[in-house]
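Chemist: Before we start, here is the structure in question, set down as structure tokens.
The values are calculated or read from the model by the stated rules, or taken from the named source; none is laboratory data. Everything numeric in this text was worked out from a predicted model, so none of it was measured. Counting neighbours? That spans all protein chains shown, and the Cβs are built from the backbone with ideal geometry, glycine included. The accessibility values were calculated without ligands, DNA or RNA, using every heavy atom of the protein model including side chains. Shrake-Rupley method; radii C 1.70, N 1.55, O 1.52, S 1.80 Å.
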Amino acid sequence: MKILSDIEIIESVKNGNQSDYTLLVNRYKDKAFSLVLSIIKNEMEAEEILQDCFMKAYNSLKKFRGESKFSTWFYRIVYNASLTRIKNKKRNIEIGMSSIDDFINLTADENINKNDLNELSKSLTEIVGKLPENYSTVINLFYLEEMNCDEISKVMDISLNNVKVMLHRARTALRKIIFENNYAEELL
Amino acid sequence: MKYLSDEMLNKYIDNELSEEENKIIDKILKSSFVDREKYAELKKIDEGLKKMNSFKLSNNFTSNFMEKLRLKTIRDKKQKRFFSFLFLILVTVTLALSGTVLYETIAKNIGKAKEISLLKGLSFSTSFLTQNFGKFFSPDKLSLIGISLSLIFFISLYFLLEEIKKTKHRLKKIR
């Protein structure tokens, strides 16, 4: 059976075949869920946000002209919706270079709590989810969505250089967490 | 001894360095055990992340969402229909009001129009218009029209609100 491209599905939905939207939902739901979860850190809330994002994307499909990939466009909606939720909860999230330095000593500060890590089933996905929002978002987009740094910079609306720095620092942070706590054998 | 920075090693892994820089790093890695170990750890993280699985959403997420979407589409259609209906009522009322004003104005000036010979033809057509307008939009009938239109409006508003309530209830159940 022929696998339809995102654009073909979108055209079909635009032509009134609402049920074809199922294909897009199934295609992106798990990866988008990981992205929301990496920012929101609460499964129930993440699922609710994702439903709203799929709804918003459906309502805005007419505006989608295919200038960028559907995935980039959709993840931007997801990322912005998650950030808005965070802001609404009055949690401070800072994007960009100025905030990066605050996150460097991850194992030492309260961002990652050792007890938290012990409670986890210690899958790498879960440890990534415990990283600060910016780091886990970059890791998710780079490794799970297989986006390049340029696409990530469009989704997060930050410079290409910032994406690279965040990616490097996130990996360094993971190295510290995993190797200093001897999780390497279990996880890698 | 100075060791390679994490930043440099990450760039080396991502192939972001020039050929010359890569050669220098290769040399350092061959000679420095600490750097080699650090590089191996970072490389392991990179490979581990490449194999990382995404979180799985519940199986009924898609069906729940599509049901929600279907209900929302129906609700939107009903709302659209209601607002078109409301618009039609507004247009009718506006027409009725302007008709009455027109009738009043023409009725006042009809006597004068008859006196001016040039407007004689016009006076015939206007008198025909005024008679019909007069019948349909006379003050007592106008209030009747207003009452019936308002009644229809309130009845349809009631049904629309009921429908919205029901849809909201159904959506809550799905969620």
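Chemist: So, taking all protein chains as they sit and a 1.4 Å probe, how much accessible area belongs to A:Arg27, in Å² rounded to tens?
Modeler: Taking all protein chains as shown, A:Arg27 has close to 90 Å².
Chemist: If R₀ is 45 angstrom, what is the calculated FRET efficiency for the pair A:Lys87 and B:Glu20, using the beta carbon separation as r and rounding to 0.05?
Modeler: It comes to 0.50.
Chemist: Only protein chains counted, 1.4 angstrom probe. Which residues of the range A:155-185 are at least 50 Å² less accessible in the assembly than when their chain is isolated?
Modeler: Buried on complex formation: A:His168, A:Arg171, A:Arg175, A:Phe179.
Chemist: What total accessible area, in Å², is buried where chains B and A meet, using a 1.4 Å probe and rounding to the nearest 100?
Modeler: Chains B and A together bury approximately 3700 Å².
Chemist: Please give the net charge around B:Asn53, taking every other residue with its beta carbon less than 12 angstrom from that of B:Asn53, where Lys and Arg add +1 and Asp and Glu add -1.
Modeler: Around B:Asn53, the surrounding residues sum to +2.
Chemist: Taking just the alpha-carbon atoms of the range A:8-81, what radius of gyration and Dmax come out, in angstrom?
Modeler: 12.2, 37
Chemist: Given labels modelled 7 Å from the Cα in the Cβ direction, how far is it in nm from B:Leu151 to A:Glu185?
Modeler: 8.6
Chemist: Classify the range B:1-88 as rounded, prolate or oblate, taking a ≥ b ≥ c as the square roots of the eigenvalues of its Cα gyration tensor: rounded when a/c is under 1.5, otherwise prolate if a/b is larger than b/c and oblate if not.
Modeler: Note, shape of the range B:1-88 comes out prolate.
Chemist: Based on the alpha-carbon gyration tensor of the range A:134-176 and its eigenvalue square roots a ≥ b ≥ c, which shape applies: rounded if a/c is under 1.5, prolate if not and a/b is larger than b/c, or oblate?
Modeler: Oblate.
Chemist: Kirkwood Rh, Cα Rg: Rg to Rh for the range A:43-88?
Modeler: Here Rg/Rh amounts to 1.00.
Chemist: Please compute the average number of Cβ atoms from other chains found within 10 Å of each residue's Cβ in peptide B:7-15.
Modeler: Mean number of neighbouring Cβ atoms from other chains: 3.
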